[in-house]
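S.K.: Sending over a structure as structure tokens; questions will come in a sec.
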Amino acid sequence: MRYSRGLTERALKVWVRESLPQRLLLPTLNCIPEDPCALDVQLREGGVLQFYHGNTSILRLVAGGLGDTIQLQFDSYETDIRGQWPNLKREWTIDEADELAWQLREIVPWLVSRTKSVYYKNKKEGFWENQLCHLYGRYWTPDKEWLVLDRQAVIGFPSSTARTEFFEPIISKRNAAMWSVFSSQARKWAHPRTIGTELDLLLLNRKRELVCMELKHASSSAGVYYGPFQAAVYREAFCSAADSIVDNIETMAKQKLALLLLPAAASSMFPITQPAVVHGVLAVVGTPSIEVQGRLEVCLKCCAEIEHRSISEEPFLTE
């Protein structure tokens, strides 16, 4: 198992030496001044820096292994970009970082304006993922309860077979509990669905212990009911994999510090506590109805290791 996300060591040294965080990353991240949380950047496997607008990816910067080149990927917008900005789809050198940043300051707002509202503008889960990644990430301060390390967190495996063998018993156990609750003659709250393998948010608490957070919005009652079972799966998975991946997670976090994606003060949160301790949290934004709250309590009783936290539906960071 692995949690390999970030640049090669050589590429990281080049990016820091050539001030690419200041010349390219931060100008792009700050290109929508009226909404400082509109964009969030995370490291991905293969030297990728992925820009999220809510819970969708709109841009990937792919750093060459030697650190001297950059390529761009635009996910579902590739065709549009090729049509309007045909010169973008090439290999850029780090000497061209200032020109690239200037181009992206025009293109990224265009991408954001064309992103479906369900991903961010509706102020549901995608909007709040960005808010939390900024409040407990880029704008982290030592008084904060958590430090966000990653979002859409996925444990890596050598093959799909290995992934299935690892997750199948964990997911089957929670699926069975969920089916039991949802299928009771007295409960027709939601249709059971298979739990996936992608965690919403991976964090550290003040004790430097890992926290697996599943984030839901109160407007989705079915999502709120699924939440405890999902959080329980991810907590158990990361707990089982911790010995193999904690060093990888710490390396990723230290790269984010070097790239100015986390504040320098966050270095005080490392090393991660070992042997690793992993907590599970279901965070619900907004206030569910009394009926939904009561049903959520039933679901939480099936997942006693999961803590329920409420988040006020008041944005932390606006213009």
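S.K.: Which members of the range 7-39 meet the condition of being in contact with a Lys or Arg (Cβ under 8 Å, 6 or more places away or on another chain) and either β-branched (Val, Ile, Thr) or buried (at least 23 other Cβ atoms within 10 Å of the Cβ) (or both)?
M.R.: THR28
S.K.: Is it the case that VAL284 is of a type in the set (A, V, I, L, M, F, W, C), buried (at least 18 other Cβ atoms within 10 Å of the Cβ) and modelled with pLDDT of 95 or more?
M.R.: Here the answer is yes, as VAL284 does meet what is asked.
S.K.: For the range 103-119, name all the residues that are part of a helix (DSSP H, G or I) and among the β-branched types (Val, Ile, Thr).
M.R.: ILE107, VAL108, VAL112, VAL118
S.K.: Restricting attention to the range 290-311, report how many residues are touching a residue at least 24 places away in the same chain (Cβ under 8 Å) and closer than 21 Å to GLU125 by Cα.
M.R.: The total comes to 11.
S.K.: If a residue has to be touching a strand residue (DSSP E or B) at 6+ places or on another chain (Cβ under 9 Å) and either free of Cβ contacts under 8 Å to residues at least 24 places away in the same chain or under 26 Å from GLU307 (Cβ atoms) (or both) to count, how many in the range 251-282 make the cut?
M.R.: Within the range 251-282, residues that are touching a strand residue (DSSP E or B) at 6+ places or on another chain (Cβ under 9 Å) and either free of Cβ contacts under 8 Å to residues at least 24 places away in the same chain or under 26 Å from GLU307 (Cβ atoms) (or both) number 16.
S.K.: As an exercise: evaluate ASN122 against (1) more than 13 Å from HIS53 (Cβ to Cβ); (2) not in a helix (DSSP H, G or I) and give the number of the one condition it does not meet.
M.R.: If we test ASN122 against (1) more than 13 Å from HIS53 (Cβ to Cβ); (2) not in a helix (DSSP H, G or I), just (1) comes out false.
S.K.: Something else now. Within the range 180-193, take every residue that is surrounded by 14 or more Cβ atoms within 10 Å (Cβ to Cβ) and either assigned to a helix (DSSP H, G or I) or on the phi > 0 side of the Ramachandran plot (or both) and give me the one that is modelled with the lowest pLDDT.
M.R.: My answer is PHE182.
S.K.: Just to be sure, is SER4 in contact with an Asp or Glu (Cβ under 7 Å, 6 or more places away or on another chain), under 30 Å from ALA242 (Cα atoms) and crowded, with 16+ Cβ neighbours inside 10 Å?
M.R.: In short, no.
S.K.: Which one of LYS124, LYS144, LYS89 is free of Cβ contacts under 8 Å to residues at least 12 places away in the same chain, of a type outside the set (A, V, I, L, M) and touching a helix residue (DSSP H, G or I) at 6+ places or on another chain (Cβ under 9 Å)?
M.R.: Of LYS124, LYS144, LYS89, the one residue that is free of Cβ contacts under 8 Å to residues at least 12 places away in the same chain, of a type outside the set (A, V, I, L, M) and touching a helix residue (DSSP H, G or I) at 6+ places or on another chain (Cβ under 9 Å) is LYS144.
S.K.: Does SER221 qualify as being of a type in the set (Gly, Ala, Ser), closer than 27 Å to ALA176 by Cβ and either in the same structural domain as SER172 (by TED's automatic domain parsing) or surrounded by fewer than 22 Cβ atoms within 10 Å (Cβ to Cβ) (or both)?
M.R.: yes
S.K.: Take the residues of the range 204-218 that are on the phi < 0 side of the Ramachandran plot and out of contact with any Gly (no Cβ under 9 Å at 6 or more places or on another chain): which is surrounded by the fewest Cβ atoms within 10 Å (Cβ to Cβ)?
M.R.: Within the range 204-218, the match that is surrounded by the fewest Cβ atoms within 10 Å (Cβ to Cβ) is LYS207.
S.K.: Further, regarding this structure: Give the range 23-52 a look and list any residue that's of a type in the set (Lys, Arg) and assigned to a strand (DSSP E or B), or say none.
M.R.: Listed by number, the list holds a single entry, ARG44.
S.K.: Still on this structure: Would you mind listing the strands (runs of 3 or more DSSP E) fully within the range 194-292 where at least 2 residues are more than 26 Å from GLY47 (Cβ to Cβ) and small (Gly, Ala, Ser)?
M.R.: Fully inside the range 194-292 and qualifying: 278-285.
The values are calculated or read from the model by the stated rules, or taken from the named source; none is laboratory data. It should be emphasised that the depicted structure is a prediction, and the values quoted were computed from it without experimental measurement. Using ideal geometry, Cβ is built from the backbone for each residue, glycine included, and neighbour counts are taken over all protein chains shown.
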